[in-house]
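> Structure below; questions to follow.
Bear in mind these aren't lab numbers, they're just calculated from the coordinates by the rules spelled out. Bear in mind that the values here come from a model prediction, so they are computed numbers and not experimental data. So basically every Cβ, Gly included, is an ideal-geometry build from the backbone, and we count neighbours across all protein chains shown.
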Amino acid sequence: MIAPVPWVKELSARSEDMQDAKADAHGGFAVALELFQVAEEMLRQRLRRERPAATGDEIEERVGVWRTARPGAEDGDSPGRPVPWPRRS
């Protein structure tokens, strides 16, 4: 009979940890996407309340503007001063 190799059990445990980490990442990403969808729907509801005469196309146009506009983060999310991109050599 062959004796069990200790590193095989450790490798198996690491593989299970990686699968758990992937599942956690997948779950977190799914939650982020769901939150984004909820935010869009909340925006649509607010726009309908503020502009009851607006058509569905007008609402969707404003949602599109909201997606691309970043109030308070026009230059990105990181601290510091904006620099041109790509950077000059």
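> Stretched out fully, how many nm does the piece from Asp75 to Glu58 gain, at 0.36 nm a residue minus the Cα gap?
3.4 nm
> Apply 1/(1 + (r/R0)^6) to the Cβ-Cβ distance of Val65 and Arg87, taking R0 = 25 Å, and write down the FRET efficiency to the nearest 0.05.
After rounding to 0.05, the efficiency reads 0.30.
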